[in-house]
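Reading through the structure tokens given below for one structure.
The values are calculated or read from the model by the stated rules, or taken from the named source; none is laboratory data. In this text the structure is predicted, and so the values were computed from the model without any measurement. Virtual Cβ from ideal backbone geometry, glycine too; neighbours counted across all protein chains shown. SASA here: full protein model, heavy atoms, side chains in, ligands and nucleic acids out. Shrake-Rupley method; radii C 1.70, N 1.55, O 1.52, S 1.80 Å.
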Amino acid sequence: MKRNDYKIVTIPEYRVIGMKWEGPYSEVQHLKEVIATVSDRLKELEYAVNPKLQLGLSYHLRKDGFVHYSGYEVTDDQVIPNGMIEFQVPEMTYLIAEHEKGQNIGQSYEDIYQWIQENGYVPFQEKEVEYYDKLPIKHEGYPVDRELEDPHFDILVPVLKE
């Protein structure tokens, strides 16, 4: 996505049900298993708001890795299936970009970080929480029809105006 195609959008609070993974970068292959499991269990989420969009919510709370929630947005009517958890995402303002198939994900995030710095924004951080990445919170929306080895997806980075 071209940098001038980025959007700034405020998204109201929403509820996610899925699974949590926490670990070091060296064990990220296990995260892929969690993502696949959540995808396979979509049928249990009868109140999914958009079943064609799997969410990946990453929080860089570890020096050696991160915490990741894989799930789907659901309505309040949805009960939490066994082995899954609920996660509330507060209202936030996001920079939204599209990562296209064939692009380097690291470069996509570097471009986003540069744009944030050049346009008077800062990455959002919760007060009194220690983060270990210059983009401490990264939300991604994956279409269910994506190619797993080279996916296209939306990137949402919470931001504040400086």
(Q) Take Glu128 and Glu149, extend 7 Å from each Cα along the Cα→Cβ direction, and tell me the distance between the two endpoints in nm. (A) 4.8
**Q.** Solvent-accessible surface (1.4 angstrom probe) belonging to Tyr72, in square angstrom, nearest 10
**A.** 0
Q: Considering only protein heavy atoms, with the full assembly of protein chains and a 1.4 angstrom probe, order Val157, Val129 by accessible area, largest first.
A: Val129, Val157
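Please state, as a whole number in µm²/s, the translational diffusion coefficient that the Stokes-Einstein equation yields for the chain at 37 °C and 0.692 mPa s, with Rh defined as the Kirkwood radius across alpha carbon pairs. The partial results should precede the final answer.
Details: Rh = 16.4 Å.
Approximately 201 µm²/s, per Stokes-Einstein.
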Q: Note the full-extension length gain between Asn82 and Lys101 as 0.36 nm times their separation in residues minus their Cα-Cα distance, in nm to one decimal.
A: 3.4 nm
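In the P(r) worked out for region 91-135, what percent of Cα pairs fall beyond 11 Å? Could you put the intermediate results ahead of the total?
Working: 719 of 990 pairs.
Tail fraction, whole percent: 73.
Which GluC sites (Glu not before Pro) from region 31-111 combine a DSSP loop assignment with at most 16 other Cβ atoms within 10 Å? Before the final figure, lay out the partial values.
On the way: sites: Glu33, Glu44, Glu46, Glu73, Glu86, Glu91, Glu98, Glu100, Glu110; in loops: Glu46, Glu91, Glu100.
Here the GluC sites (Glu not before Pro) that fit, given the DSSP loop and packing criteria, are Glu46, Glu91, Glu100.
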Q | Around Glu13: net Lys/Arg minus Asp/Glu count, Cβ-Cβ under 14 Å | A | -3
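To two decimal places, what compactness ratio does region 1-56 give when its Cα radius of gyration is scaled by 2.2 N^0.38 Å?
On the way: Rg = 14.7 Å, N = 56, 2.2 N^0.38 = 10.2 Å.
Cα Rg divided by the expected 2.2 N^0.38 Å: 1.45.
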**Q.** Residue of Ile112, Ile80, Ile96 that the Gaussian network model of the chain assigns the largest fluctuation, springs spanning Cα pairs under 10 Å
**A.** Ile80
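Suppose every Lys and Arg Cβ carries +1 and every Asp and Glu Cβ carries -1, with no other charges. What dipole size does the chain come out with about its Cα centre, to the nearest 20 debye? Before the final figure, lay out each step's value.
Working: 17 positive and 30 negative charges, 33 e Å.
For this selection, approximately 160 debye.
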Q) Which value in deg cm²/dmol, rounded to the nearest 500, describes the helix-derived mean residue ellipticity at 222 nm for the chain, given -39,500 (n - 2.57) per DSSP H run of n ≥ 4 and division by the residue count? A) -5500 deg cm²/dmol
**Q.** Average accessible surface area per residue within the chain, 1.4 Å rolling probe, Å²
**A.** 56
Q | Stokes-Einstein D in µm²/s, Kirkwood radius over Cα pairs - region 28-76 at 20 °C with 1.002 mPa s viscosity | A | 182
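Probe radius 1.4 Å, ligands and nucleic acids ignored: give me the carbon and sulfur share of the accessible area of region 61-158 as a rounded percent.
With neighbouring chains kept in place, the figure for region 61-158 is 45 percent.
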Q.
Quick check: the angle from helix 28-40's long axis to the longest principal axis of the chain, C-alpha only, nearest 10 degrees?
A. 50
Q) When Lys and Arg each count +1 and Asp and Glu each count -1, what net charge do the other residues less than 12 Å away from Leu53, Cβ to Cβ, add up to? A) -2
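For region 48-151, which trypsin sites (Lys or Arg not before Pro) are both in a DSSP coil and crowded by at most 14 other Cβ atoms within 10 Å? Walk me through the intermediate numbers first.
Details: sites: Lys52, Arg62, Lys63, Lys101, Lys127, Lys134, Lys138, Arg146; in loops: Lys52, Arg62, Lys63, Lys101, Lys127, Lys134, Arg146.
Those satisfying the criteria are Lys52, Lys63, Lys101, Lys127, Lys134, Arg146.
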**Q.** Formal net charge of residues neighbouring Asn104 (Cβ-Cβ distance under 11 Å; K, R +1; D, E -1)
**A.** -4
